[in-house]
Every structure is written in C-alpha cells, then in structure tokens.
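Quick notes on the structure that follows.
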C-alpha cells in the first residue's frame, strides 16, 4: 500500500510512510482515517516520510489540495522526511496550505524529526 499509517503517542502523532506514485484511490482510505484521528485527538502531529515517494498523479494532486483546504488547521506540527531535493522543496510549498509548523529533515535525521514532533 503506497500510504502506510501508524498511530503513535496515543493517536496524537500520525506517521505516514509514502511509497511509489500516489493516485486518487489512495486517498479513499487515508482521508477517513485521518479524520477519525482528528475527531478523537484534536490537532495532530504528523511525520510525513517521503523517502520512497515518487510523486502524485493529477487525480491524487487534486485530492491532496482538497485535503489541505479542509484540514488547514488540523495539523499542529508537520515533520517532512525525505532524501531528494524536490522533497525538501515540498516543505516550503506546503506552508501556505496549513497552519502547522513545518520542518524538513533528511532521511538520516528521522530520529531527530520524531523528537521534534514529541517536544512540548
């Protein structure tokens, strides 16, 4: 599955491992699960692991834009972990679409990303 989700810290931290190329259908499972966690826990902290991500198709891009608009204020912190230059640029690209504090971490610093998410 291209989107693997793991809840941590009692559901307040959501770890997303993305792989391959995302398509619209992948959001059909992800979005309801994300919304369930927000209902249960309020704002989330998200680790967005993009190390194996190869991008989005047009349908997935549209789903992602709709998700970003609807959940503009539902993420408190977003740690973006990757190993490619375009992935680093995604951290800047996402800023206008969320109220979350966003930081990019190289894949080698994934442990630091988790620590940052768990800080008070």
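The values are calculated or read from the model by the stated rules, or taken from the named source; none is laboratory data. In this text the structure is predicted, and so the values were computed from the model without any measurement. As a convention, Cβ positions derive from the backbone with ideal geometry for all residues, glycine included, and neighbour counts pool all protein chains shown.
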Subset of region 40-88, residues part of a loop (DSSP other than H, G, I, E, B), in contact with a helix residue (DSSP H, G or I) (Cβ under 6 Å, 6 or more places away or on another chain) and closer than 24 Å to residue 9 by Cβ, comes to 74
What do you reckon, is residue 102 crowded, with 19+ Cβ neighbours inside 10 Å and either assigned to a helix (DSSP H, G or I) or in contact with a helix residue (DSSP H, G or I) (Cβ under 6 Å, 6 or more places away or on another chain) (or both)? yes
Pairing a residue in region 96-110 that is under 7 Å from residue 81 (Cα atoms) with any residue that is assigned to a loop (DSSP other than H, G, I, E, B), where Cβ atoms lie under 6 Å and the two sit 6 or more apart in sequence or on different chains, gives 107/83
Being at pLDDT below 90, surrounded by 14 or more Cβ atoms within 10 Å (Cβ to Cβ) and under 11 Å from the mean Cα position of the chain (by Cα) narrows it down to one of 34, 94, 48, so name that one. 94
Filter region 5-31 for residues that are outside any strand (DSSP E or B) and at positive phi; the one that is surrounded by the fewest Cβ atoms within 10 Å (Cβ to Cβ) is 10
Return yes or no: is residue 85 out of contact with any strand residue (DSSP E or B) (no Cβ under 9 Å at 6 or more places or on another chain) and more than 18 Å from residue 17 (Cβ to Cβ)? yes
Would you confirm, using the coordinates I've provided, whether residue 18 is touching a helix residue (DSSP H, G or I) at 6+ places or on another chain (Cβ under 6 Å) and at pLDDT below 95? no
What is the one condition in (1) over 22 Å from residue 118 (Cα atoms); (2) in contact (Cβ under 8 Å) with a residue 24 or more places away in the chain; (3) in contact with a strand residue (DSSP E or B) (Cβ under 9 Å, 6 or more places away or on another chain) that residue 61 does not satisfy? (2)
Do we have residue 85 as within 19 Å of residue 26 (Cα to Cα) and exposed (fewer than 13 other Cβ atoms within 10 Å of the Cβ) here? no
